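Undergrad: Okay, handing you the structure first.
Any read-out appearing in this document is the output of simple, stated calculations on the displayed coordinates, not a laboratory observation. Since we're looking at a predicted model, the values are computed, not measured. Cβ atoms come from the backbone with ideal geometry, glycine included; neighbour counts cover every protein chain shown.
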Amino acid sequence: MRFWTVLAFALGVQICSRASEENVRNFRTIDPNQLEAKVPHGFGKVFIEAGRQNNIDPLILAAISAHESGAWKSRAARLKNNWMGLRTGRGTKRFATPEASIFYAAELLNRRPFKGHSTLASIAPIYCATNPANWRKSVHQWSLRLMPG
């Protein structure tokens, strides 16, 4: 791995050795039809628009959603429209629609306590204080599964 990193550096190629360290605060252009094939019908465009409006990578939003909602099948996802695993002091947060939970989470990632944290590794202890290493790993794995192409 070191050889390839040195070679890439020498050639001026910018690479990221760990995708989990990518900046999640950069909107990534993704073909909505390709993302649509990997998320619940109609939601590829929702993740992309929420990402665009908040300058968040839509693939990361979709990966967080997949992880937090048990591939969009959890009780919270079905009964409370909470696709992002968000909680209040009284338990799982309720949303009017799944779209509302996605946009809320995208906005939340730009406010305290997330402000200033730009990688999955730095966001993980805030989003999931109980097991941040597992959360980061799972969200990263979901982002690879959801990658269009």
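Undergrad: Restricting to the stretch 129-149, what's the tally of residues that are under 13 Å from the mean Cα position of the chain (by Cα) and not basic (K, R)?
TA: Number satisfying all stated conditions: 10.
Undergrad: Considering only the stretch 43-92, state which residues are surrounded by fewer than 17 Cβ atoms within 10 Å (Cβ to Cβ) and assigned to a loop (DSSP other than H, G, I, E, B).
TA: Scanning the stretch 43-92 gives N55, G70, A71, W72, K73, S74, G89, R90.
Undergrad: Also, I was wondering about something else. What are the pairs, 6+ residues apart or on separate chains, where a residue within the stretch 116-142 that is in contact (Cβ under 8 Å) with a residue 12 or more places away in the chain and surrounded by 19 or more Cβ atoms within 10 Å (Cβ to Cβ) has its Cβ under 6 Å from a residue that is assigned to a helix (DSSP H, G or I) and among the basic types (K, R)?
TA: Pairs found: L120/R136; A124/R136.
Undergrad: Sticking with this structure for a sec: Which numbered condition in (1) closer than 14 Å to V24 by Cβ; (2) surrounded by 21 or more Cβ atoms within 10 Å (Cβ to Cβ); (3) in contact with a Phe, Trp or Tyr (Cβ under 6 Å, 6 or more places away or on another chain); (4) not β-branched (V, I, T) is the only one that A106 fails?
TA: Looking at each condition in turn, A106 falls short on (3).
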